[in-house]
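K.L.:
I have a structure here, written as structure tokens, and I will follow up with some questions on it.
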Amino acid sequence: MNILVGYDGSNAAKDALKLAKNYAKAFDAKIIVVKSVTSHHPLDPGIFQAADEKLEREIQNQLNGDITGYETRLLVSSRSSGENLVWFAAQSNVSEIIIGVRKRSKVGKLLLGSTAQYVVLHAPCPVITIK
């Protein structure tokens, strides 16, 4: 069983990771933590490597060594974060996605979009949202 956690460093994302940690222990599952970055320009490999290492350290600290079956992925593409998460889930045989949500106004959702909404509507597997 593979559990994908959409991670952006927010409190909701940290709560999603905690829930995934509990699920991984209960179901002997692997956690795949994915951070998505939208970029329309090529990135300097040094910036990419530094961001990838920062993500790995942050997740390692969050999991406190309780889970060894995990991996981190930094996805950089021109797709939106929601599209990246759904694409990765389809490519990686993910059993479920856990994603944090934040309360936003209708105007905020209209202007900024909603990663969680996109994932819930388009994911190839069950999605658990946590706030």
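Quick note: the coordinates plus some simple rules give every number you see, no bench work behind them. Keep in mind the model is a prediction, meaning the values are calculated, not measured.
K.L.:
Subtracting the Cα-Cα distance from 0.36 nm times the residue separation, let me have the gained length for Asn64 to Lys25 in nm, one decimal.
P.N.:
Values: separation 39, 0.36 × 39 = 14.04 nm, distance 1.34 nm.
Value of the extension gain: 12.7 nm.
K.L.:
What does the helix-only formula give at 222 nm for the chain: each DSSP H stretch with n ≥ 4 adding -39500 (n - 2.57), the total divided by the residues, and the result rounded to the nearest 500 deg cm²/dmol?
P.N.:
-15000 deg cm²/dmol
K.L.:
Checking the table Lys21/Lys131; Lys18/Lys103; Lys21/Lys103; Lys54/Lys131; Lys25/Lys54; Lys35/Lys131 against a 22 Å threshold on Cα-Cα, which pairs fail? It would help to have the intermediate numbers written out before the result.
P.N.:
Details: Lys21/Lys131 16 Å; Lys18/Lys103 20 Å; Lys21/Lys103 24 Å; Lys54/Lys131 24 Å; Lys25/Lys54 25 Å; Lys35/Lys131 18 Å.
Where the Cα-Cα span goes over 22 Å, the pairs concerned are Lys21/Lys103; Lys54/Lys131; Lys25/Lys54.
K.L.:
Then there's this: For the stretch 47-94, report the convex hull volume of the alpha-carbon atoms normalised per residue, in Å³, without decimals. Kindly include the intermediate steps, with their values, before the conclusion.
P.N.:
Numbers: hull volume 4.3 nm³, N = 48.
Taking only Cα atoms, the stretch 47-94 has a hull volume of 90 Å³ per residue.
K.L.:
Evaluated at 10 °C with a viscosity of 1.306 mPa s, what Stokes-Einstein diffusion coefficient in µm²/s does the stretch 7-107 have when Rh comes from the Kirkwood expression over alpha-carbon pairs?
P.N.:
D, rounded to a whole number, is 109 µm²/s.
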